[in-house]
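I have placed the structure first, in the form of structure tokens, so that the comments after it can refer back to it.
Every number here is computed from the coordinates shown, using simple stated rules; none is lab data. Quick caveat, the model's predicted, so the values are computed rather than measured. Cβ sites come from the backbone with ideal geometry, for glycine too, and all protein chains shown count toward neighbours.
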């Protein structure tokens, strides 16, 4: 018991001098509020941005820069290469957010617009790559099917898209394409970070 008590006393002595920094807590809360505002708008399918705009406008003038920082960091987190066609909806919301926090004619609004066009090109390139991969692999796939027919008397039931060799080839090409586009996207994100004054 005395050993436990002494450990408890030591812990108390160590934490005695530590005081909560109210200014840091205030800053963290305001940045968190900005993140919540932006996150709610981006994830709510039904949201039209009115409650986001109202929420941001209701923030006190002296608190706005920190709330804006939280919003901006959430937008940055959502700048990523698209994996499905519905990326345009999210991007429109991101553009709307930036227009509200920085203005429609701001550098950041322009950058987000360019990023949107770039993402569209990436998605088109992915679709085109899939098409080319199908054309390229089809003769090999047909040959494999023919060999299986001759060897086992029946063709495999899996489609070309399920063929492990095709999947591997496609994945390699997707990775190469993604790496090229990600490099450019990272540069655009760095520009946004500079304008917003956000550090990693």
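Odds and ends about this structure:
- Complete set of residues in region 140-157 that are surrounded by 10 or more Cβ atoms within 10 Å (Cβ to Cβ) and either part of a loop (DSSP other than H, G, I, E, B) or free of Cβ contacts under 8 Å to residues at least 12 places away in the same chain (or both): 142, 143, 145, 146, 147, 148, 149, 155, 156
- Some residue of region 21-31 being part of a loop (DSSP other than H, G, I, E, B) and out of contact with any helix residue (DSSP H, G or I) (no Cβ under 8 Å at 6 or more places or on another chain): yes
- Some residue of region 85-100 being assigned to a loop (DSSP other than H, G, I, E, B) and exposed (fewer than 12 other Cβ atoms within 10 Å of the Cβ): yes
- Yes/no for residue 184 being in a helix (DSSP H, G or I), closer than 30 Å to residue 115 by Cα and without any contact (Cβ under 8 Å) to a residue 40 or more places away in the chain: no
- Entry remark, region 46-83: residues being within 30 Å of residue 125 (Cα to Cα), part of a helix (DSSP H, G or I) and touching a residue at least 24 places away in the same chain (Cβ under 8 Å) number 5 in total.
- The condition (being touching a residue at least 12 places away in the same chain (Cβ under 8 Å), under 22 Å from the mean Cα position of the chain (by Cα) and either exposed (fewer than 11 other Cβ atoms within 10 Å of the Cβ) or closer than 30 Å to residue 198 by Cβ (or both)) is satisfied by just one residue among 116, 110: 116.
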